[in-house]
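In what follows, a structure is listed as structure tokens, so that the remarks can point back to it.
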Amino acid sequence: MLLKDYVKGLVDLLKDNPDYGDLEVWTYSDDEGNSILPMYEGSASAYVEKDVTRETDEYIPSEYLKDYLDDYEISLEAFKADYKEIILL
């Protein structure tokens, strides 16, 4: 799902249910992960391998990308050939 589609869904949800705007936001994960957690912070971004489409523990937070590239002596162009940026909510 793209961020713009996610936001549109939220806007539509609030139009149909204005009282939802006063509810806490929690994150939910299943496929047998069965976790439901309060969302403490806003959003951030990270990088995962391009072929990843499910839960993974292997990601690089965007704020550490420069250090990662420096540590592994990888150019940004080479890195982006194998990784995609995602939004974490």
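The values are calculated or read from the model by the stated rules, or taken from the named source; none is laboratory data. Here the structure is a predicted model, which means the values were calculated and not measured. Cβ: placed from backbone, ideal geometry, glycine included. Neighbour counts: every protein chain shown. Please note that ligands, DNA and RNA were not included when accessible areas were found on the heavy atoms of the full protein model with its side chains. Shrake-Rupley method; radii C 1.70, N 1.55, O 1.52, S 1.80 Å.
Data table
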| read-out | value |
| --- | --- |
| Apportionment of accessible area to carbon and sulfur, segment 45-89, percent (1.4 Å) | 47 percent |
| Exposed-site-free run, longest, the chain (rule: GluC sites (Glu not before Pro); DSSP loop; at most 11 other C-beta within 10 Å) | 1-23 |
| Selection of trypsin sites (Lys or Arg not before Pro), the chain, meeting DSSP coil and at most 11 other Cβ within 10 Å | Lys50, Arg54 |
| Relative contact order [Cα under 8 Å, 6+ residues apart], segment 1-80, whole percent | 14 percent |
| Set of lysines near Lys15 by C-alpha distance (under 20 Å), chain-local residues within fewer than 8 positions excluded | Lys4 |
| Aspartates and glutamates with Cα under 16 Å of Lys50, excluding same-chain neighbours fewer than 8 positions away | Glu58, Glu77, Asp82, Glu85 |
| Solvent accessible area, Å² - Leu37, 1.4 Å probe, full protein context | 100 Å² |
| With all protein chains modelled, accessible area of Ile60 [1.4 Å, Å²] | 20 Å² |
| Segment 27-89 - accessible surface per residue (Å², probe 1.4 Å) | 82 Å² |
| Rg/Rg_globular for the chain, with Rg_globular taken as 2.2 N^0.38 Å and Rg from C-alpha atoms | 1.35 |
| Exposure of Ser45 as accessible area (Å², to 10), given a probe of 1.4 Å and all protein chains | 30 Å² |
